[in-house]
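The structure under discussion appears below in the form of structure tokens.
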Amino acid sequence: MRKGILAVVSVFLVSFGVLTIYAAIDRGFTILSVVSILILALLSIGILGALWQQPPDD
């Protein structure tokens, strides 16, 4: 289950990253490009970090 979610989230984040880079190339590198990259980095660190951690033993 975790691997499936990890795969879906990875595809989601990579696709938004590619779209962000495409927009930066097409329209120029603006402050919105920087904000988008920062948001993607925060999402990547949070989501992927949480999914790579082992669940706690109860």
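Rule-based calculations on the coordinates, nothing more; no lab input. These numbers were taken from a predicted model, which means no experiment stands behind them. Virtual Cβ from ideal backbone geometry, glycine too; neighbours counted across all protein chains shown.
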ask   = Can you give the angle from 0 to 90° between the axis of helix 2-27 and the longest principal axis of the chain, with both taken from C-alpha atoms, to the nearest 10?
value = 10 degrees
task = Report the residue, chosen from L13, L43, L32, that carries the largest GNM mean-square fluctuation when the chain is represented by alpha-carbon nodes joined by springs under 10 Å.
result = L32
query = Put a dot 7 Å past each Cα toward the Cβ at Q54 and I25; how far apart are the dots in nm?
reply = 4.2 nm
ask   = Across the range 39-48, in residue order, what do the Karplus-derived ³J(HN,Hα) couplings come to in whole Hz, using 6.51 cos²θ - 1.76 cosθ + 1.60 with θ = phi - 60° and x for Gly and Pro?
value = 5, 4, 5, 5, 4, 4, 5, x, 6, 5
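Any idea what % of Cα-Cα pairs in the chain are farther than 14 Å? Please report the intermediate quantities before stating the final value.
Details: 999 of 1653 pairs.
When all Cα pairs of the chain are counted, 60 percent exceed 14 Å.
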request  = May I ask you to sort V18, V9 by Cβ crowding, counting other Cβ atoms within 10 Å and putting the fewest first?
outcome  = V18, V9
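Which order do S44, S15 fall in if you start with the one that has the fewest other Cβ atoms within 10 Å?
On the way: S44 16, S15 10.
With the fewest neighbours first, S44, S15 line up as S15, S44.
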